Each structure stands twice: as structure tokens, then as C-alpha cells.
There are 2 protein chains.
Amino acid sequence: MSSGSGHIRSWWGWGYEDEALGDQEIESLARLVAAQFGLDGRVSDPPPISALDLRAPRVEVPSSLAGIASVSDRDRARHAHGSSYSDVVRALAGSLPNVPDAVLRPRSATEVAAVLDWCSGERVAAVPFGGGSSVVGGVEPDVGDGFRGAVSVDLEALSGVYDVDAVSLGSRIGGGTLGPELETGLKEQGMTLRHFPQSFECSTLGGWIATRAGGHFATGPTHIDDLVESMEVVTPAGLVETRRLPASGAGPDPNRLLIGSEGALGIITAAWVRVRPRPRWRAGGSARFPDFPAGARALRALAQSGLEPANCRLVDPLEALVNGAGDGSSALVIVGFESADHPLDAWATRAEECVKEYGGTIEGDWGCTEQASAADRGGPAAAWRGSFMRAPYVRDALVRLGVLCETFETAVTWDRFEELHSSVRQALESQFARGGVPALATCRVTHVYPDGAAPYFTVLARALPGAEMAQWKEMKEVASDAVMAAGGTITHHHAVGRDHRRWYDEERPGLFAQAIEAAKSALDPAWICNPGVLVDRRRA
Amino acid sequence: MSSGSGHIRSWWGWGYEDEALGDQEIESLARLVAAQFGLDGRVSDPPPISALDLRAPRVEVPSSLAGIASVSDRDRARHAHGSSYSDVVRALAGSLPNVPDAVLRPRSATEVAAVLDWCSGERVAAVPFGGGSSVVGGVEPDVGDGFRGAVSVDLEALSGVYDVDAVSLGSRIGGGTLGPELETGLKEQGMTLRHFPQSFECSTLGGWIATRAGGHFATGPTHIDDLVESMEVVTPAGLVETRRLPASGAGPDPNRLLIGSEGALGIITAAWVRVRPRPRWRAGGSARFPDFPAGARALRALAQSGLEPANCRLVDPLEALVNGAGDGSSALVIVGFESADHPLDAWATRAEECVKEYGGTIEGDWGCTEQASAADRGGPAAAWRGSFMRAPYVRDALVRLGVLCETFETAVTWDRFEELHSSVRQALESQFARGGVPALATCRVTHVYPDGAAPYFTVLARALPGAEMAQWKEMKEVASDAVMAAGGTITHHHAVGRDHRRWYDEERPGLFAQAIEAAKSALDPAWICNPGVLVDRRRA
């Protein structure tokens, strides 16, 4: 529940209570956005925990597990939801329909197995919980009627950097290790994983692997998939432990069946991951483009150049403005290189050329510097980065002010990129226009590949008081339908969870669903592992 | 059966009949190796096809499939085996115990489905056949007693570069397309896949995907796994078609269940793959190291540098000598960079520094050149490359002269690399020494990763006339046991097939095997797809 420094995790919103925006900050924010969205200035406060009407536990944890169980209101309330807009809206309204019957905190793989044994025997759903940062309903115990109850299995005790192999650049780390702990543990050995999703502060290695998280690298090994060397996964049928290997050609990769399984096949208790020395040289900077499509063409050239920039982002004019990284008249491209091995002048010089060839205007000095952090380099890149890490707290404040705040992402091949971008924007804008709701939709590109890109959309609109959930669901449907129609994936790195199920079922081949269901029956015969994500019993 | 230029595929050995070593070349080769291995100078000739005692077909192909069926002796003989040492030994002896009852050549996914329908209904095993280059028994219809018969499904008619998306750098290509056809088709569009396994001439895209083939790149996306954008796979239960995407986080990756499935889940009829512009700049060269471990340390530094060389190989002193790339006194390191986008001087300069830091002696000029092919650059790198592509033909000639020629590969993390290399060498050497058999075991490193490397072993020894198969099996067991004991994988890019099953069963988690068996039951309910590779009925 709390980090090493003792501050308290919010039960209703993002992160830590003492990191949330204070009253004065919220007032300033209100002044900034009130006119834009026609807000009335009221600020919703989260209800006191004592006022929550939590469903009484439906099942009792057996005495053998009592030592790792909590049924406190705070614990149950916090584990009743993730961190999406709809989660915060409902928590602020005191609505926690799927509160777990208990929170269990196993301290070893053996205790995880004991939890799954009990759940299998008693028909109790087991919902794994890492940092609780899911924005797709992945950790909410919304498991349907087929169960006697549901418990949240919090992995926080399975935390730590257990081993570092400095020769092979590998590290064995507990599944419940939060981002900051993980990097602190590696830093002591001069290493880093350099996997920095926006949820970094409140998400775990096990959660990243279970959801195929995307890190801060814009190219190359940025999905956690590529950083996993081996895994230890406790399934109801037993332990699955894959061999630690740099690569293999022996049959379908066992890791790849478990990576992205979202708790539906078992619980990730530890993994060997690929780490690296901390970077020593950095190069790159920002550039301006007249519009988003022009910036995207430059990004495509960079993605196909083989230069493999660590950072390669595009921010549309409005999003740059909102994040204090521009005046709204131009799109922003951010390019960064980093290396622990060599200076990067040749890389940055060619990237600059490439950006110029595509009509960009270079800002500042892209030259290589030694041992400076990206934040130290200042400029729009640093402003945008600071804003990025703070965004979830600002989101919570906006929700309290009555602003709908939703983000979603996809990936699509380059040939369809512009069409997807404009059709999603148009679908959102016409939906809000029809309702007469003031809204903004912005876009950035967070990850690029030689064959495509991952656009990330942010939607801000005046929430409809009392009808927030209906409004959000309608928006989500419009956006997701547009993404799918344009050839995108329903998620590039936010996972499927429960919110994306309909579109996921459309995206994946039907026979693949049947294969996964069959695999689930082998690993989780009682089907108690996170029911409702990825698969459900309806088809079986 | 034949390439566009009309030359004939060998029914018993590698490649094309008119490319095999001629009598004079074999005589020269005999003079080179006779003393080393104590050979008697006799040369085995393959029997005439008419002399083969082929089992009569056990099943009759229905009239609906007669148009794509062949029961000719040549077709059945060629499809009775792959291209391993044991395959050639048996073919030379006229021993084809698992000859297919027919060879079927479907011309569309629909015809593949019709073949699988018939096989499912009649309990006939369907063994897919691409280029026939398997060295692990993957295409031999050795399916056990549970079937009325077995057919070889040759995909040669599902061939061609169907589509090129030059914006996204993707191409849709038939599963039965041989390497040379594939590159010719892409070259017309200025593109290349740059996937060059040693089997390139006689292997197919579908085969590469089914076996997780490794290409010529030493770092980065070299396993075909990373080059697959989407797949079309015909299973007995129906067509599986994955969405064309640059990346996704939506559940376990459906492609990754099918990549490496070795025909056990269905037949790959087409795929979208990631292509690239043809390289324009090249840099790099060779260096000498006093011994293999010293070269390996330099390779590790290069693999961990982030420079991502396209080529990064290490050849031990003896293998360099055998391949005409050295006098046997030093290990050879070959480093190459290539780019379609930019000159590579900075890359090559840093790689040179790195090699020198680890005690290497640079040979020649590593500087960047424009539009020269690697072969044009001359020197040991070119000598080694020419020898590499010709090796399978030389292997056949050596087998005819009475030499056991086996290659096998693995991958292992760097912390275990030296131990694996020496324990495998020792195991082989003591086995041959015990039998008093003259033998050589050499090693090269073909692929490197930040966390490990893929050593590739070549074994040459005097074959024991009449006992070749027993000798080979014993060698295979000794080598594979040593690889597994040292923490390696049973295969880095040769696949599992039938020959590696025992060690694959040891390597993969038992519960993963059960999950794959369950998935197979969903996709291949009659279990007729390539029985014996990856899974078998014993456990089901």
C-alpha cells in the first residue's frame, strides 16, 4: 500500500496522496480550462472511505491464508478498480461495484500457488494486482456470476532485484517490483532496464509483462516482450519456468504465450530481464513542422533509417501547446539518441539532415553531450518530459473539475497512418459536436517502427454530470470502431483488459481465441484466473 | 522439383544436380582429407531411382485431389527425407523408410484446406514440405503407426512476391517461395528481405517461419520471427489470418504461437514480411585474435555496444583454416555494417576500436564504401562467405567419401558461453577418441545478442562404414546432452523436428507442452498435421 518512503497510495486516483495536486494547483488549473470546457468551477472530492458502501465479503479466506489476507475497507476499495478515467469517475462517486472480497498478498511463489489452489477448489476468481495502473479494466474483479467470490492478489511482497548478471546483462526481478524500486536496485549495479512507461511510478515488472507494456524507447526493444529472457509463472496447474536464453528456435516461444496473458493463464512471480549499462552519451533535440502529417513523414524516414533513435516522438500542435512545449502553431518532433558505449554525433547529424529533408526546423543544438540526463538538456523536450510524468496527477484533478479525460493508443502500418489519424479525429470531433460538448482531441506518436507507428490520442471534453459513464462509453465505442475500421490494433501497449474485449475479439483470429481457450483449460482447469480478460466461458 | 532455369533438384542430396561437385572436384577433395580421416578413397554413388525399393502407397489420393498429386518414384524419394547428414547417408544407401504415399502440390489456400480435410477424414498424416532443407527430420514422414498413411504437402505452387507496400516496407509473399525467387521478386521493387540462412537456395519463406529460421544478420531482427508482420495459416479447423500490424499489445501475439510450429498446427500459405531498401553503404572487415575465447570477448563487447553490426561472426582457428580464411593460428572475427540510409564510418571506427581494446589485430581497411557488395570487398570475409554458401554441396561430397559431417547450433547467455563451448568440444573429442576415430570439431559464432551468443559447431570424422547411423546418433546424443547440461537451447535456428524431440521435451516447461497440445487439439482435431514434431499423442 505504501512505498518505502512511507507516503500513502491513493485509494481512488493515481499514485500517492501527497503527490496529488493541492487545492491551489487545482484552482489554477480550473482557471486555465474553465472557459475552454464551460466548467462551473465545482471540484468533486473523493468520499471518505468510511462513507463507501462496500459489498460485504461473499467468501471467507481460509485460516491457512489468513496471514496474507486483508479485508480492510481501504485495501478492498483500492483493489476494486484500476486507474482509467472511468475508474476515477466511479471512485469519486463512491461507486465500487466490483470490490474484491479480500486482498491477498502472497510472499512467495509457493503462497501464490496456495492462493490459486484455494480459488480453484472454491470457485473464487483470482485477479492479479501489481501497481493497479490498468486503464482497461484489467484489475477490476468484474468476473461475472460464475464465481462464489473474487479476490485481488496483490504481488507487492514479490518485489526486489534478486540477481544481476553483469556479464550477460541480465537481472532476475520479482514480479511485484514497482518501476522506481526496480531502477534503484539496478542502479546500485550500474545497470538499468530503461523501461519507462508513463505508469512507471505505480506499475510493476509483472504487470508490464502481463500487459505487453511499451517503454520509453521509441524504436527497437521497447515492448517489454523483447526484454524478457525467462519467466516464472505460477498457474493453477503448477509452475511454468522457462529457460534463460538469449534466443532460441525451439518451437513456439513459451514466453510469448505468457507475455500478454493478462493474468488469465497464471501469475508472473519473477522474470529474468535484459538490462544494460546506464547511458553516458546523449544527443538529439527537437524540431518544428508546419503540421502533424509533415512531422509523421519525417518520423517514418527516421524509423526506416536504421539509426534507431531511443526517442522519436511527434506531438501535434495542440498537444504541444497543452504541454507547454509550443504555441500551438506547429507540430513538435523530439529525437534522442543515447549510448553507454560511444559518442553519438554521427547519429544525431544524420537525424538532423533527415528532419530537414522532410521540412523540419531544427531547434537548439542536437550535438552529443556526455553524462547529462535528458532533463538537463532543457528546451521543449525537457518540458514535455516533465509534463508527461506528471500527467496522471493532472488527469485526476481535471476529472475532479468535471473534465472527461481519456487516452487511447493503437498501431498501424505507415500506408494507413494518415487515414487512421484523421478518421479517428473526425469520429471524435463529430461525436462531441453532435452533443454540443466542448472537447479537444490531440495526438502524439509515441513509438515508431520501420513498418508503422503508434499514435496515442488524448481526449478532453466537458463531462456530462451524472452521465459520465454513458458519455465515456459512447466515446470509447466511437474511437475504437474508428481505430479498427482504419486497420489499427485495439491496443499498442495498454492491453485488452475488460474494456477492449469487444474489439479484441474482432481483431484476433477466431481460431486463435479457441487455441488460447484450450491452453487456458490446460493451465487453469477451473478457469479462475482473471475471468473476463482475453477469454471467457461463453465460447468454451 | 525444378527451378526456373530448368536444372533438376537432387533427390538424395543438397540442391541441384548440376551444382553438385563433379568427379574431379571430389577427387581433389579426397586428396585434401584422405590422410586426415584415414579414408580409403572410395566414393559412394547414389543409387539410381529405379533401384530404390520404395514402399507401395498405402492410401490412394481421392479423385478430387488427383490433379495435384504425384506418386512418381522421384517425387516420393525426394520427399522421403530432408537434408541432414543422416538423410544423405540413408539416401546413398537407398534406405528411405518413411517415403510418403503421395506428394500433393496444392495451388491455393483452398486446395491446402481440401488436402487437410481429406487427411483429417481418412487419418492420413500431412507433412508440409517447402525446400526440403530440414536438418532435423522435420519433413520426413516418420509419423508412427497411428495413421493409414502419410502425404508430403509440397508448397512449391504457393510461390511468389504477391504485393509490395513500399511506404510501410512490407511485402506479401507465398509460403512456398524459395529464397532466390523471393529476393528476385523484391529486387524488382528495390527491396530485400535480407534473410539469408545457409539453406537460402533451397528453403522457403513458409519453412523459415515454421522453423524460426535465423538469417545472415548477426544482431537485431535476424530470426524470421521479427520479420513477420502477419500470417495466413491453413489449419484443419480453418484459416487463421492475423492482422497486418507493426506492433500490438493485444493479448499474447497470435503470430508467435504459429511461428515455430513446424507444421504441427497447420500450413503457412502466405505472410506479410518486413522488407527494406537494398543497402547502399557497407563498412567493416576482419580481425585476428590469438584464440577463440579472446575473440568471443570482443564479440560480447560489440553485441553490447548498441552498434548493431549486420555481421558479427567469430570463426575458430581450425574452421578458418578449413574454409580457406586463415592458416589455423588465429581466430577470425568478421564485422560488417550496412545501410541504405547513411555512410557508416562512425560505426566501423568504433567497432575497430572495440576490437582493438579486446586484443584483436585489424586486417585491411574497415572504411565505408558505397554500393559495393560484401563479396566485392575481398579478403578473408569474402573467402569465408563464398565457402559458406557452397558448404552444403561440399558436405554431400564428403559424405560420399566416407566422412561424417554434422553441424549443430545452440544459444546461451554470455556467462555460460565459454563453459558451453569447451564442454561441448570436450564431449565430442573424447567420444571420438574413445572409438579411435579421427575427427575434427570446429566452432563459429553466427549470431550475437546483448545477453548471449549462438555458437555453431561443425563435426567432421571418419564415418564407420555400415554403422554410420549408430555412430551419428551417438555423436548427436553426446553433443545434445552437453549443450543442455551447459544451459543452452537445443536449437538456435535449426528447429526441433524429430531429431531434437528428446532434448526439446527437456528444455520446454512441461505445462507449456500441455498448453501447445491443447492448442493443437483446437486447430488440428484429428492430429494429422506433421505428427511427431513438437508434440505427439503419447502425452495426450
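The values are calculated or read from the model by the stated rules, or taken from the named source; none is laboratory data. This one's a predicted model, so the numbers in the text were calculated from it and none came from an experiment. Reconstructed Cβ throughout: ideal geometry from the backbone, glycine too, with neighbour counts over all protein chains shown.
Provide a single number: the residues in region A:294-340 that are within 14 Å of chain B (Cβ to nearest Cβ) and touching a residue at least 12 places away in the same chain (Cβ under 8 Å). Residues meeting the conditions: 20. The criterion of being among the hydrophobic types (A, V, I, L, M, F, W, C) and either modelled with pLDDT under 95 or in contact with a Gly (Cβ under 9 Å, 6 or more places away or on another chain) (or both) does not hold for residue B:99. Figure legend. Inter-residue proximity from region A:178-206: first residues within 16 Å of residue A:393 (Cβ to Cβ), second residues in a helix (DSSP H, G or I) and among the aliphatic types (A, V, I, L, M), beta-carbon distance below 9 Å, spacing 6+ or different chains. Indicated pairs: A:179/A:205; A:197/A:224; A:198/A:389; A:198/A:391; A:200/A:389; A:201/A:389.
Among the residues of region B:192-202, the one identified as touching a Leu at 6+ places or on another chain (Cβ under 7 Å) and polar (S, T, N, Q) is B:192.
Exactly one residue among B:277, B:246, B:236 is over 22 Å from residue A:413 (Cα atoms) and in contact (Cβ under 8 Å) with a residue 12 or more places away in the chain, and that residue is B:236. The single condition from (1) part of a strand (DSSP E or B); (2) of a type outside the set (Phe, Trp, Tyr); (3) surrounded by 22 or more Cβ atoms within 10 Å (Cβ to Cβ) that residue A:458 fails is (3).
Can you tell me how many residues within region A:487-540 are within 9 Å of chain B (Cβ to nearest Cβ), of a type outside the set (A, V, I, L, M, F, W, C) and outside any helix (DSSP H, G or I)? Matching residues across region A:487-540 total 10.
Show me the helices (runs of 4 or more DSSP H) found entirely inside region A:175-259 where at least 3 residues are of a type in the set (A, V, I, L, M, F, W, C) and within 12 Å of another protein chain (Cβ to nearest Cβ). Hits in region A:175-259: A:205-211. If the condition is being touching a helix residue (DSSP H, G or I) at 6+ places or on another chain (Cβ under 7 Å) and more than 20 Å from residue A:397 (Cβ to Cβ), then region A:447-473 contributes A:448, A:449, A:450, A:451, A:452, A:453, A:455, A:457.
Criterion applied to B:64, B:83 was being outside any helix (DSSP H, G or I) and either hydroxyl-bearing (Ser, Thr, Tyr) or closer than 21 Å to residue B:390 by Cβ (or both), and the one residue passing it is B:83.
Quick check on this structure: which one of B:13, B:38 is touching a residue at least 40 places away in the same chain (Cβ under 8 Å) and on the phi > 0 side of the Ramachandran plot? Please lay out each step first, then the result.
On the way: B:13 fails: on the phi > 0 side of the Ramachandran plot.
Exactly one residue qualifies, and that residue is B:38.
With the structure loaded, tell me whether residue A:313 is surrounded by fewer than 24 Cβ atoms within 10 Å (Cβ to Cβ) and touching a strand residue (DSSP E or B) at 6+ places or on another chain (Cβ under 7 Å) or whether it fails that test. No; evaluated as a whole, the condition is false for this residue. The criterion of being of a type in the set (A, V, I, L, M), modelled with pLDDT under 95 and buried (at least 24 other Cβ atoms within 10 Å of the Cβ) holds for residue B:320. If you go through region B:48-84 and keep only what is hydroxyl-bearing (Ser, Thr, Tyr) and out of contact with any strand residue (DSSP E or B) (no Cβ under 6 Å at 6 or more places or on another chain), you end up with B:50, B:63, B:64, B:72, B:83, B:84. Taken as a whole, region A:51-71 holds no residue that is under 30 Å from residue A:438 (Cβ atoms) and surrounded by 15 or more Cβ atoms within 10 Å (Cβ to Cβ). Looking at the structure I just gave you, is residue B:214 over 20 Å from residue B:454 (Cβ atoms) and either touching a strand residue (DSSP E or B) at 6+ places or on another chain (Cβ under 8 Å) or in contact (Cβ under 8 Å) with a residue 12 or more places away in the chain (or both)? Considered against the rule, which asks whether it is over 20 Å from residue B:454 (Cβ atoms) and either touching a strand residue (DSSP E or B) at 6+ places or on another chain (Cβ under 8 Å) or in contact (Cβ under 8 Å) with a residue 12 or more places away in the chain (or both), residue B:214 comes out as no. Please find, among B:156, B:111, B:140, B:122, the residue that is closer than 28 Å to residue B:187 by Cβ and not polar (S, T, N, Q). On inspection, the qualifying residue turns out to be B:156.
Taking the condition modelled with pLDDT of 95 or more and touching a Pro at 6+ places or on another chain (Cβ under 7 Å), does residue A:531 pass?
no
When each of A:455, A:438, A:450, A:465 is tested for being touching a Cys at 6+ places or on another chain (Cβ under 7 Å) and on the phi < 0 side of the Ramachandran plot, the lone residue that passes is A:455.
A quick yes/no check of all residues on (1) closer than 27 Å to residue B:120 by Cα; (2) of a type in the set (Gly, Ala, Ser); (3) more than 25 Å from the chain's Cα centre (by Cα):
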site: B:232; (1), (2), (3): yes, no, no
site: B:254; (1), (2), (3): yes, no, no
site: B:264; (1), (2), (3): yes, yes, no
site: B:274; (1), (2), (3): no, no, no
site: B:281; (1), (2), (3): no, no, yes
site: B:284; (1), (2), (3): no, yes, yes
site: B:287; (1), (2), (3): no, yes, yes
site: B:297; (1), (2), (3): no, no, yes
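Quick one: is residue A:99 in contact (Cβ under 8 Å) with a residue 60 or more places away in the chain and of a type in the set (A, V, I, L, M)? Here the answer is no, as residue A:99 does not meet what is asked. Taking the criterion of being within 19 Å of the chain's Cα centre (by Cα) and part of a strand (DSSP E or B), the residues of region A:108-151 that qualify are A:127, A:128, A:129.
Quick one: count up the residues across region B:90-134 that are touching a Phe, Trp or Tyr at 6+ places or on another chain (Cβ under 8 Å) and among the aliphatic types (A, V, I, L, M). So the answer is 5. Here is the figure for region A:329-379: residues that are modelled with pLDDT of 95 or more, under 29 Å from the mean Cα position of the chain (by Cα) and of a type in the set (S, T, N, Q) total 2.
Quick check on my filter: what residues within region A:482-540 are of a type in the set (Ser, Thr, Tyr) and closer than 23 Å to residue B:527 by Cα?
Scanning region A:482-540 gives a single hit, A:521.
Candidates in region A:272-293 are the residues that are in a strand (DSSP E or B) and more than 13 Å from chain B (Cβ to nearest Cβ); of these, the one that is farthest from residue A:368 (Cα to Cα) is A:289.
Among all residues of region B:436-448, there is none that is of a type in the set (Lys, Arg), assigned by TED's automatic domain parsing to the domain that holds residue B:395, modelled with pLDDT of 95 or more and closer than 22 Å to residue B:143 by Cα.
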